[in-house]
Structure formats: structure tokens, C-alpha cells
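See below for the structure under consideration.
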Amino acid sequence: MTTTATTSAPHTTTTEALEVTDGRNGKTYSLPIVDGTIRALDLKQIKVSENDFGMMAYDPAFMNTASCRSAITYIDGDAGILRYRGYPIEQLAEKASFLEVAWLLRHGELPTQSEYDQWVKDITYHTYVHENIKHFLEGFRYDAHPMSMLGSSIAALSSFYPEAKHIFDPAQREISIVRLLAKVPTLAALCYRHVKGLPFVYPDNDLPYAENFLSMIARMSEPKYAANRVFAKAIEVLFILHADHEQNCSTNAVRAVGSSHVDPFSAVAAGVMALYGPLHGGANEQVLRMIESIGSVKNVAAFIDEVKSGKGQRLMGFGHRVYKSYDPRARIVKQLAYEVFGVTGMDRDLEIALELERIALSDPYFIERKLYPNVDFYTGLIYRAMKFPTSYFTVLFAIPRVAGWLAQWEEMLLDKEQKIARPRQIYTGYDERQFAATLEHRRPAKGP
Ligand code: CMC
């Protein structure tokens, strides 16, 4: 018997189908194939009895599950291709500005001159944060990790803009997006100054985005801060490279949290905390700590052996869930590193990084597993050359990723197929059992 699935994709008609025979009862089902996928919900009709919940797909860590349709970022992991809205990352890194890319990610097209001018003006106008945020940040200990501070302060911003919860009002979405893009660099710089024990520096709205950020980081007594041009360019390019990366861990967090219809400040704060993890954005910090612990080129081979034995740490900055070839961003970052070293002098540990890369790229362990340098491998060396503390590296990843998170958040909200994200589970715990009190203090006594 053949049953035709009742659900099918709304946009595309197709005659392709996956024929599935249930070995338990011999029934055959025809599941429509659209864009090379079947719908997990179509599996639900596969059941052995009326009371049966129906077949589910089990996919821990989303290894083979598309959670959305997205038109924002395209990655071909085998070919090492990354495009935002169709534009190759190499071209954007060379020719675009970060705020132009932020517009592109959100709107799908490059801005006209007047759209761009207004966009820059709006974002520049909103760079200041409420003074209470400064006091809030002062409450952190001197050694607080700047990612904890950044995530908390973005979450706190939500309380300053209660109207941001009107997420289906396009005007509210617009102002929230502008505010987040404008204020996150300010918050990030406040976190930096706190960690350093330096007085806070207010935004300088005469300066472009990257230069203003560097001014808030580095300005001391001078009335105007002029960032080194190579540093400003490096920050701009790194911001573009980090702006979006389709459905990675933190973007998935933003979409999942945003799917509850919470305000975007709260959803983006969730993204920051997901990015903090050492397997995600936190890897750039770990790469540098790893290189420092290796200490010398002569220790590299032994370190690689330890990684391969599985007993030591992973080779941080290597490997990627999607890229199975050289991460195209890593290539650009490596080139950029040399430009920065042209100003700062050669990094003392570059030799170790190059040797790690050389050995790993020729070692069967890494070749067989298709482990190549990812974006985090060389960024740490650039950040250190620019005198950012190691614990701050992931903040430099988070600032531009806000652009991608917001574009993805809005796409999710406007996608009629999306609902609150709520995965299923396979329950593996106890069947029902009876509670027998064994402790004496558990509950307050009943009665008036
Ligand atoms: N060093 C040594 N072995 C590795 C590494 C590594 N960096 N990455 C993966 N492997 C091995 C892993 O042990 C496994 O081997 P086996 O098949 O023998 O068990 C195999 O390669 C597949 O690994 P996996 O953990 O199943 O792969 P994944 O797709 O789940 O993990 C990853 C992707 C990025 C978490 C992982 O490669 C990793 O931990 N890399 C180091 C951390 C890092 O650099 N993260 C930054 C990622 S890029 C920027 C970002 O997303 O923020």
C-alpha cells in the first residue's frame, strides 16, 4: 500500500519523491523531495498503530538537518566558498565597508548611496549608551571575562528599550537593529576599558565605525584619536569576514531564542553567550593560548602527536563542521596578518603557527579528517599584535556577528513557516515510579 504524504513544501512543485518501506509492516510511503530534502514532519505518518506517535528523525547536533530556508549566506564547504547574498567574501573584504555589508545581509541588496548615507547616519547617531549601563558594568569584578560582560550588558539593554518587544512592528525592528549595531561596539569598548582599569571613552561620532571603535578602545588624553590606518583597515576587513556564517551555533541560538518572540536584545545576548564557547568563537582565544603553551617551533611535532593521540587538546583553529577544505576567511586573515605585522613587527609566535599549519596540512590524520585552518587560526596573532588582551579576542568576533544575527533573526521572524523552536527528544529515563519520602525536612508544614 502506498500513502502519499499530506505535507509538502509551499514554494516548489516537484515530482521527485523518496519511496520508503516500513519493514515492520511492509507499508510503503512516498515522501516528496524538495531542494534535496524531505520534510521531517512527513515521517510522522509512518506508524504501526493508531496510537503510535509516528516516525521521528533523530539528529543530535543537527548533523544533517536543515532548520530553515535562508537567502542570506551560502557556504560550499568542499570548495571553500563563502558568499553573502551571492557576493564572494573575497570581493566584499576587498571592496566593501562593514556597514555596507551589514545592510546587504539584512536587505539582500547593496544599498544605494542615499540609503547608505542614511544608514551610517542612523547608526552613528545611536552609538551612545545610557549612563546606567556604565554603572552596571562597573559592578563586574576586575577580572571578569569581557564576553560575560558583553552578553550581560546586551541583555541589560533590553530593559532600556521595552518597546523593542514589538517585533512585528517594522519601525521597532528597524530602530532595534540600528541600536544594536550602533551600541554593541560601545559596550564592547566599555568592557575593554573595565578589564584594563581605564576610564571609559565616549563614542566619537565624527569617526567611521571601525575608527570610532578603536578610538573608544585606545584614546587616552588626546582630544581626538586617529587610528593607525592599517589597524583600522584590518578591523574593517575582520568585521566583514565575521559578519555572518549561516546556521552556526550562535546563529542557531539567536534564531531559537528569537523564535519565542522575545526582543532582539535578548536574542542577540543569547548569541553572544553561545559564541563564547571554545568550540565556536572562543576558539580564537584558545588558539593563542595553545600557541603560547607550545612555546617553540621545536615542540610543534610533539604537540601534534599529542593532538593525534586524542589525549591532549584539539588543534584549536583547525576543523569546521561545514568547511572540508581551507576556510576562505582564513586565507584572507593570513594575508591581513602580514600587513599588520608590517606595522607592529613580525609576531614572535608566527613561526609556531606556520609550523603547526605546515605539519597539519601534510599529516594523514588531518588530511583524512579534512581538517584545515579555520577563521580563528590567525586572527589571534593579529589581535595580539594590535595589543588586544587574549580574553578580548572573542569580543572582536561578536561585534560584527551582530549584523548576521540580526539579519537571520528578522528572516526567521518573517518566515511564515517558522514557529517557536522546540525539538523532540527520545526519552531514555525511568518509566513511572512512586515517590517515597526519605527525608524529614522537605516541605513547609501545611496549615495556617
Ligand atoms: N584537532 C584534532 N582533531 C580534530 C579537530 C581538531 N581541531 N577537529 C576535529 N577533529 C577530529 C575529531 O577528533 C574527529 O576524529 P575521529 O573521527 O577520529 O573521532 C573528527 O576530526 C571529526 O570531528 P568532529 O568533532 O566530529 O567534527 P565537528 O564537525 O563536530 O566539529 C569543530 C567541528 C569546529 C567543533 C571541531 O573541528 C573543533 O573542535 N575544532 C577546534 C575548535 C575550533 O577551532 N573552533 C572554531 C570553529 S570556526 C569558527 C567558529 O565556528 O566560531
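The values are calculated or read from the model by the stated rules, or taken from the named source; none is laboratory data. Every value quoted in this text rests on a predicted model; they were computed, and no experiment measured them. Positions of Cβ are generated from backbone atoms using ideal geometry, with glycine treated the same way; all protein chains shown enter the neighbour counts. Protein only, heavy atoms only, side chains kept; ligands, DNA and RNA dropped before computing areas. Shrake-Rupley method; radii C 1.70, N 1.55, O 1.52, S 1.80 Å.
Summed over segment 271-300, residues that are assigned to a helix (DSSP H, G or I), of a type outside the set (A, V, I, L, M, F, W, C) and within 10 Å of the ligand (Cβ to nearest atom) total 2. For segment 344-356, does any single residue satisfy the condition of being hydroxyl-bearing (Ser, Thr, Tyr), part of a helix (DSSP H, G or I) and buried (at least 21 other Cβ atoms within 10 Å of the Cβ)? No, that holds for no residue. Checked across segment 316-333, the condition of being near the ligand (Cβ under 9 Å from one of its atoms), more than 23 Å from Val237 (Cβ to Cβ) and among the hydrophobic types (A, V, I, L, M, F, W, C) holds for no residue.
Assuming Val237 fulfils every condition listed in (1) away from the ligand (no atom under 16 Å from the Cβ); (2) open to solvent by 20 Å² or more (accessible area, probe 1.4 Å); (3) under 25 Å from Ala337 (Cβ atoms) apart from one, which condition is it? Among (1) away from the ligand (no atom under 16 Å from the Cβ); (2) open to solvent by 20 Å² or more (accessible area, probe 1.4 Å); (3) under 25 Å from Ala337 (Cβ atoms), the lone unmet condition for Val237 is (2). What about Asn252, is it in contact with a helix residue (DSSP H, G or I) (Cβ under 8 Å, 6 or more places away or on another chain), away from the ligand (no atom under 15 Å from the Cβ) and in a helix (DSSP H, G or I)? Spelling it out, it is not the case that Asn252 is in contact with a helix residue (DSSP H, G or I) (Cβ under 8 Å, 6 or more places away or on another chain), away from the ligand (no atom under 15 Å from the Cβ) and in a helix (DSSP H, G or I).
Residue-level check: of (1) in contact (Cβ under 8 Å) with a residue 24 or more places away in the chain; (2) surrounded by 11 or more Cβ atoms within 10 Å (Cβ to Cβ); (3) within 20 Å of Pro111 (Cα to Cα), Ala71 misses just (2). Quick one: count up the residues across segment 368-381 that are assigned to a helix (DSSP H, G or I) and modelled with pLDDT under 95. Number satisfying all stated conditions: 6. Among the residues of this structure, Val262 does not count as one that is under 28 Å from Ser215 (Cα atoms), more than 16 Å from the ligand (Cβ to nearest atom) and not basic (Lys, Arg). Restricted to segment 301-312, and to residues there that are touching a helix residue (DSSP H, G or I) at 6+ places or on another chain (Cβ under 7 Å) and within 14 Å of the ligand (Cβ to nearest atom), the residue that is least open to solvent (accessible area, probe 1.4 Å) is Ile304. Taking the criterion of being outside any loop (DSSP other than H, G, I, E, B) and open to solvent by 20 Å² or more (accessible area, probe 1.4 Å), the residues of segment 195-219 that qualify are Val195, Lys196, Tyr209, Glu211, Ala218.
Taking Val262 as the residue in question, decide whether it is of a type in the set (Val, Ile, Thr) and surrounded by fewer than 24 Cβ atoms within 10 Å (Cβ to Cβ). Judged against the criteria, Val262 is a match.
None of Ala360, Ala330 is touching a Pro at 6+ places or on another chain (Cβ under 6 Å) and either in a helix (DSSP H, G or I) or not assigned by TED's automatic domain parsing to the domain that holds His242 (or both) except Ala330. Checking every residue in segment 374-381 against the condition of being more than 24 Å from Ala189 (Cα to Cα) and within 16 Å of the ligand (Cβ to nearest atom) gives at least one match.
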